[in-house]
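Worksheet: the structure to be examined is printed underneath.
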Amino acid sequence: EADIYQTPRYLVIGTGKKITLECSQTMGHDKMYWYQQDPGMELHLIHYSYGVNSTEKGDLSSESTVSRIRTEHFPLTLESARPSHTSQYLCASSEYGRQTGELFFGEGSRLTVL
Amino acid sequence: AQRVTQPEKLLSVFKGAPVELKCNYSYSGSPELFWYVQYSRQRLQLLLRHISRESIKGFTADLNKGETSFHLKKPFAQEEDSAMYYCALKAWTGNQFYFGTGTSLTVIP
């Protein structure tokens with residue numbers, strides 16, 4: 001079944017640790033995104049990709065990095081986590097084009113940095 | 001610049017009452033607008049988009065370019081409508097999506 005998967009769903013780690021949030025989609029979509037979601041705040045775009053070997057930074061400055069080596073895979077990495085990185089991270093995908101615009105979201109990864 | 005404004009963070013209505021969730025936008029081009037919904041313990045999902053001009057779960061939203069609004073309406077709220085609702089604008093440049101801060105709707109039995 002076509003879907004978008006995020007792992008881990010929940011992660012609690014200590015300051016200074018390196019973490020990678022995984023995102024995979026079987027939708028066949030070219031474009032993928034990472035959003036940060038905090039209560040009472042708008043969803044902030046932190047990274048996006050148009051396809052393989054394409055990565056761009058979003059509107060919200062982030063210390064994270066992403067890679068897109070395979071179409072279906074778009075992992076997000078924090079080299080040294082800090083408490084300010086505590087948040088919900090949402091991965092999404094969409095078809096790239098004018099006629100289709102729907103974003104499909106994963107279930108999210110809730111990160112807590114102690 | 002593109003911006004989506006949802007003025008109400010919290011909204012409570014009684015079951016059976018009409019509900020309207022407000023969304024205003026600013027965009028220099030021709031916008032494509034969406035409403036996304038997140039039910040408790042579920043992922044964010046599309047509710048409706050203005051291009052489709054359809055009613056989903058009794059909700060409708062009309063794009064008013066003069067008032068730059070895309071308010072979400074339902075004539076009779078149900079308890080299962082309680083959720084977080086996000087208005088979103090898709091910019092043609094770069095295919096970017098911009099979200100509002102969301103409105104948490106509670107339908108009181």
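The values are calculated or read from the model by the stated rules, or taken from the named source; none is laboratory data. The shown structure was predicted, so the numbers you read here are calculated from the model rather than taken from an experiment. Every residue, glycine among them, receives a Cβ derived from its backbone with ideal geometry; neighbour counts consider all protein chains shown. For the accessible areas, the whole protein counts, side chains as well, though only heavy atoms, and no ligand, DNA or RNA atoms are used. Shrake-Rupley method; radii C 1.70, N 1.55, O 1.52, S 1.80 Å.
I'm checking a number: the convex hull volume of the Cα atoms of the protein assembly as shown, normalised per residue, in Å³. What is it?
Given the Cα convex hull of the protein assembly as shown, per-residue volume reads 124 Å³.
Computing the accessible area with a 1.4 Å probe over protein heavy atoms, can you report the carbon and sulfur percentage for chain B?
Its accessible area is 51 percent carbon and sulfur atoms.
Would you mind telling me the antiparallel percentage of the DSSP bridges in segment B:3-104, rounded to 5? Display every interim value, and only then the final one.
Values: 28 of 29 bridges.
The answer is about 95 percent antiparallel.
Given the peptides A:78-86, B:82-90, arrange them by the average over their residues of other C-beta atoms within 10 Å, most packed first.
Packing order, densest peptide first, comes out as B:82-90, A:78-86.
Taking only C-alpha pairs under 8 Å that are 6+ residues apart, what is the relative contact order of segment A:4-113 in percent?
On the way: 276 pairs, mean separation 39.8, N = 110.
About 36 percent, as a whole number.
Once R0 is set to 25 Å, what does the formula 1/(1 + (r/R0)^6) return for the Cβ-Cβ distance between A:Lys17 and A:Glu56, expressed as a FRET efficiency to the nearest 0.05?
Working: r = 26 Å, r/R0 = 1.04.
For R0 = 25 Å, the calculated efficiency reads 0.45.
Using amide H atoms built 1.01 Å from N in the peptide plane, name the residues 5+ places from B:Ala77, or on other chains, whose amide H lies under 5 Å from its own.
Answer set, sorted by chain and number: B:Gly16, B:Ala17, B:Val19.
List the accessible area buried at the contact between B and A, summed over both sides and calculated with a 1.4 Å probe, in Å² to the nearest 100.
2000
Once the principal axes of the Cα atoms of chain A are found, what is the range along each, listed largest first in whole angstroms?
Principal extents (largest minus smallest coordinate, Cα): 43, 30, 27 Å.
With both bridge residues required to lie in chain A, what share of the DSSP beta bridges run antiparallel, to the nearest 5%?
Antiparallel: roughly 90 percent of the beta bridges in chain A.
Please work out the average accessible area per residue across chain B, using the 1.4 Å probe convention, and give it in Å².
Accessible surface, normalised per residue, equals 49 Å².
Hey, what's segment A:4-113 come to in accessible area per residue, 1.4 Å probe, Å²?
I get 47 Å² per residue for this part.
³J(HN,Hα) across segment A:13-24 via Karplus (A = 6.51, B = -1.76, C = 1.60, θ = phi - 60°), whole Hz, x for Gly/Pro?
Once rounded to whole Hz, the list reads 9, x, 4, x, 6, 8, 9, 10, 9, 8, 9, 9.
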